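First comes the structure, then the notes that go with it.
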């Protein structure tokens, strides 16, 4: 009887030891974790500035050899937060302090940093850049009558890189068309030979982060870079958004956004100008 | 009394003839299309579009999401009309307001292509 009791105690001890707090091998769970971190659903954990993938580098290398493109030019697609008044131009004009390690990059892309894009203006959204009415009709004389703002921008500026920050001008029910149209935008850019770089947005006007998920899903599907602006502004008061509407970035939010984009442009410049 | 009856009958006949005389003109359809576009009226826009053009109409509707838009001084005319197909161009503009800033979109850059389907003219393309 006593030996049976001892045997039961021994077995229980072994079972408890197996489920207890002792360290476990981490190899398999680490691998799973790494895979999961790349999934679009976990876009919040994606780095603020990614390392360019092999495919992105290949696109840039091909673009650099393409005489139809200007290796010093990037284009912008976005709303008022992507116009020179708030986006990047300050580095060239001296409005923001430019870290010494990025001087070469600011110099390399200086004309694009201060120039307006047909595809970055007040109130523009992903559908607007695909609607010809917002090109020639909106006064851009360089655009053909039936050309979309996106086609006109790519034809007239010949960029090697296109920075895409869309989603803030949105209304309920547009999730599906947003993703469809953004895929169209990405495909048009890729067809031109340029590298599209997407971004998350800081706001959550859609309430459930669907648009950032769409941005991440497209970046993953096409293996193109995504600048995680949302993550960059999280340490700021009110997460870098102007209260009470929480739609547009604060001045410090703009600075963080600019810094993130400057860093990815630096990676791009290193590939284009080895 | 007889005269009043005649007047009422004539008015009724006119209403009948107008309602049965065929569809709205291609130019009127395009005016309605622009008005639906700036009003965000997806249902009317869909009714005025060919099935193949509905997706583009939806894109055009979505493209005004970020602004308040209105049509100003619109006047549309037919460039072509062979009874089955028509091309319509308009003068005037859409004024898209963002905050306090107005952007003018000149309508003369856009020519819509229409087809007669049944008795209705529908917007089916753009050139």
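The values are calculated or read from the model by the stated rules, or taken from the named source; none is laboratory data. The shown structure was predicted, so the numbers you read here are calculated from the model rather than taken from an experiment. Backbone-built Cβ (ideal geometry, glycine too); neighbour counts: all protein chains shown.
Have a look at B:82, B:106, B:52 and point out the one that is under 21 Å from residue A:180 (Cβ atoms) and either exposed (fewer than 14 other Cβ atoms within 10 Å of the Cβ) or within 9 Å of chain A (Cβ to nearest Cβ) (or both).
Working: B:82 fails: under 21 Å from residue A:180 (Cβ atoms); B:106 fails: under 21 Å from residue A:180 (Cβ atoms).
Answer to the check: B:52.
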Scan of the stretch A:232-249 for residues that are free of Cβ contacts under 8 Å to residues at least 60 places away in the same chain and either over 17 Å from residue A:206 (Cα atoms) or part of a loop (DSSP other than H, G, I, E, B) (or both), ordered by number: A:233, A:234, A:235, A:236, A:237, A:238, A:240, A:242, A:243, A:244, A:245, A:246
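Take the conditions under 18 Å from the mean Cα position of the chain (by Cα), surrounded by 23 or more Cβ atoms within 10 Å (Cβ to Cβ) and not in a loop (DSSP other than H, G, I, E, B) and apply them to residue A:213. Does it pass?
Details: under 18 Å from the mean Cα position of the chain (by Cα): yes; surrounded by 23 or more Cβ atoms within 10 Å (Cβ to Cβ): no; not in a loop (DSSP other than H, G, I, E, B): yes.
Here the answer is no, as residue A:213 does not meet what is asked.
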Extreme residue, modelled with the highest pLDDT, among residues of the stretch B:59-69 that are facing another protein chain (nearest Cβ under 7 Å) and not in a helix (DSSP H, G or I): B:63
The stretch A:41-71: number of residues that are free of Cβ contacts under 8 Å to residues at least 60 places away in the same chain and part of a strand (DSSP E or B): 0
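Of all residues in the stretch B:111-127 being part of a loop (DSSP other than H, G, I, E, B) and more than 11 Å from every other protein chain (Cβ to nearest Cβ), which is nearest to the chain's Cα centre (by Cα)?
Taking the stretch B:111-127 and keeping what is part of a loop (DSSP other than H, G, I, E, B), we get B:118-119, B:127.
Retained after the next criterion (residues that are more than 11 Å from every other protein chain (Cβ to nearest Cβ)): B:118-119.
On the way: B:118: 17, B:119: 15 Å.
Checking each candidate, the answer is B:119.
Given the condition part of a helix (DSSP H, G or I) and within 12 Å of chain B (Cβ to nearest Cβ), answer yes or no: does some residue in the stretch A:183-196 qualify?
Yes - at least one qualifying residue is present in the stretch A:183-196.
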Within the stretch A:134-146, considering residues that are part of a helix (DSSP H, G or I) and in contact with a helix residue (DSSP H, G or I) (Cβ under 7 Å, 6 or more places away or on another chain), the one farthest from the other protein chains (Cβ to nearest Cβ): A:134
Selection count where residues are out of contact with any helix residue (DSSP H, G or I) (no Cβ under 9 Å at 6 or more places or on another chain), surrounded by fewer than 20 Cβ atoms within 10 Å (Cβ to Cβ) and within 14 Å of another protein chain (Cβ to nearest Cβ), scope the stretch A:44-92: 1
Residue that is assigned to a helix (DSSP H, G or I), more than 8 Å from chain B (Cβ to nearest Cβ) and touching a strand residue (DSSP E or B) at 6+ places or on another chain (Cβ under 6 Å), where the choices are A:117, A:112: A:112
Residues (in a loop (DSSP other than H, G, I, E, B) and touching a helix residue (DSSP H, G or I) at 6+ places or on another chain (Cβ under 7 Å)) located in the stretch B:70-110: B:110
Qualifying residue in the stretch A:93-109 (condition: at pLDDT 95 or above, within 14 Å of chain B (Cβ to nearest Cβ), buried (at least 22 other Cβ atoms within 10 Å of the Cβ) and not in a loop (DSSP other than H, G, I, E, B)): no
Enumeration of residues in the stretch A:158-194 that are crowded, with 24+ Cβ neighbours inside 10 Å and over 16 Å from residue A:78 (Cα atoms): A:160, A:194
Residue in the stretch A:122-133 that is away from chain B (no Cβ under 13 Å) and buried (at least 24 other Cβ atoms within 10 Å of the Cβ) present: no
